[in-house]
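K.L.:
Sharing a structure here in structure tokens format.
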Amino acid sequence: MFVDAIETVAAFTRPIHSISRNYASTDVQLGAATLFFVNSDGWALTCAHVAKQLQLAEEINKKYEAFKNELASRKGEKTEKQLRKELERKYGYSKRTIVELRNRFMNCIKGELNIEARLHQTVDIALLKFQSFDQLLCNKFPVFPKDTSGLKQGKSLCRLGFPFPEFTNFTYDEANDTIRWTQSGRKDTPRFPIEGMVTRNVKDKGALVAFELSTPGLRGQSGAPAFDVDGKVWGMQSRTRHLDLDFDVDQEVIRGGLPKRVQDSAFLHVGICIHVDILKSFMQDNGVNFKEG
């Protein structure tokens, strides 16, 4: 149903790869998000919460560098254990604290990375402007519907993003106590589509801002375009809501020939997508050209 549309949308949809680690851990955690280009000037759409995470990375990394530098400069004042505990309190570090976060924009541009982010004040939208690039690695762009009255209950849409990251081009550098990207390892991660039916509209203070799909948006699909069978973009994946079905289970079943007690509470996971009218309005407010049809 969406075979040709996925190929169309893949031409302008790109992944953002992320690696991170927590304090006192050498385990590298993988993450991903999605953006899609809207014109040849280097403008792209993603979620505001994705853009904020990108902006936060520099702050997180600088703070950890300051922690390491202070730890090294004060070495010998106290036992290392005492000094480390003192600095952990000062910097607010615990094993749940992310101390390093690094991002990569995949297959977006050639040249130096210089991005301006413009965030919507109330809705989960951000415009990213790739600036001063040598070449934009995208030559096809989305078409947004001119008439959006067809976005009703029962309409089938698909989202294309990058959950389940499989890239491996990273390492923990023990000598420098840091995580970094490497030249070796897998650099890409597979795209993943998921379809759903429009179920309800989502309003904020009486204004229509989003719509709900009958299937969840997956982690890594934040910022993914929501499109129809023709590849026309009707929205953007923002978040997932968890609706309580009130189907609580507490019963004994047989597994592997043995009795087992199962306790479970069921939820319906639905995707929330920013409405195309909001996307178009935000682009117009920022002087960003896009195609309608």
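K.L.:
Do we find a residue being more than 30 Å from residue 226 (Cα to Cα), in contact with a Gly (Cβ under 8 Å, 6 or more places away or on another chain), aromatic (Phe, Trp, Tyr) and at pLDDT 95 or above anywhere in the stretch 163-174?
P.N.:
For the stretch 163-174, residues more than 30 Å from residue 226 (Cα to Cα), in contact with a Gly (Cβ under 8 Å, 6 or more places away or on another chain), aromatic (Phe, Trp, Tyr) and at pLDDT 95 or above: present.
K.L.:
Of everything in the stretch 34-64 that's more than 14 Å from the chain's Cα centre (by Cα) and among the hydroxyl-bearing types (Ser, Thr, Tyr), which residue is surrounded by the most Cβ atoms within 10 Å (Cβ to Cβ)?
P.N.:
64
K.L.:
Let me ask something else. Name every residue in the stretch 1-33 that is surrounded by 19 or more Cβ atoms within 10 Å (Cβ to Cβ) and either closer than 19 Å to residue 181 by Cα or out of contact with any strand residue (DSSP E or B) (no Cβ under 9 Å at 6 or more places or on another chain) (or both), in order of residue number.
P.N.:
Listed by number, the residues that qualify are 14, 15, 16, 17, 18, 19, 20, 21, 32, 33.
K.L.:
Show the residue pairs that are 6+ apart or on different chains and have beta-carbon atoms under 6 Å apart, the first residue being within the stretch 251-274 and surrounded by 10 or more Cβ atoms within 10 Å (Cβ to Cβ), the second being part of a strand (DSSP E or B) and among the hydroxyl-bearing types (Ser, Thr, Tyr).
P.N.:
Sorted first by the residue in the stretch 251-274, then by its partner, the pairs are 269/240; 271/240; 272/238; 274/238.
K.L.:
Here's a follow-up. Surrounded by 15 or more Cβ atoms within 10 Å (Cβ to Cβ), more than 20 Å from residue 174 (Cβ to Cβ) and among the aromatic types (Phe, Trp, Tyr): is that true of residue 67 in this structure?
P.N.:
Judged against the criteria, residue 67 is not a match.
K.L.:
Of the residues in the stretch 252-285, how many are among the polar types (S, T, N, Q) and touching a strand residue (DSSP E or B) at 6+ places or on another chain (Cβ under 6 Å)?
P.N.:
Total satisfying the criteria: 2.
K.L.:
Surrounded by fewer than 17 Cβ atoms within 10 Å (Cβ to Cβ), at pLDDT 95 or above, outside any strand (DSSP E or B) and touching a strand residue (DSSP E or B) at 6+ places or on another chain (Cβ under 7 Å): which single residue out of 146, 140, 129 fits that description?
P.N.:
Among 146, 140, 129, only 146 is surrounded by fewer than 17 Cβ atoms within 10 Å (Cβ to Cβ), at pLDDT 95 or above, outside any strand (DSSP E or B) and touching a strand residue (DSSP E or B) at 6+ places or on another chain (Cβ under 7 Å).
K.L.:
Are there any pairs with C-beta distances below 6 angstrom linking a residue in the stretch 203-226 that is basic (Lys, Arg) to a residue that is buried (at least 24 other Cβ atoms within 10 Å of the Cβ), with the two at least 6 apart or on different chains, and if so which?
P.N.:
none
K.L.:
Right, residue 287: under 22 Å from residue 118 (Cβ atoms), surrounded by fewer than 18 Cβ atoms within 10 Å (Cβ to Cβ) and over 19 Å from the mean Cα position of the chain (by Cα) or not?
P.N.:
yes
K.L.:
Another one. Are there any pairs, at least 6 apart or on different chains, whose C-beta atoms fall under 6 Å, with the first in the stretch 147-159 and on the phi < 0 side of the Ramachandran plot and the second of a type in the set (Val, Ile, Thr), and if so, which?
P.N.:
So the pair list comes out as 148/276; 153/198; 155/198; 159/194.
K.L.:
Still on this structure, please answer the following. Considering only residues that are among the hydroxyl-bearing types (Ser, Thr, Tyr) and more than 13 Å from residue 25 (Cα to Cα), look in the stretch 172-184 and name the one that is surrounded by the most Cβ atoms within 10 Å (Cβ to Cβ).
P.N.:
182
K.L.:
Can I ask one more? Can you name every residue in the stretch 70-105 that is surrounded by 10 or more Cβ atoms within 10 Å (Cβ to Cβ) and hydrophobic (A, V, I, L, M, F, W, C)?
P.N.:
71, 83, 87, 98, 99, 101, 105
The values are calculated or read from the model by the stated rules, or taken from the named source; none is laboratory data. Owing to the predicted nature of the structure, the values given are computational and were not obtained by experimental measurement. Cβ sites come from the backbone with ideal geometry, for glycine too, and all protein chains shown count toward neighbours.
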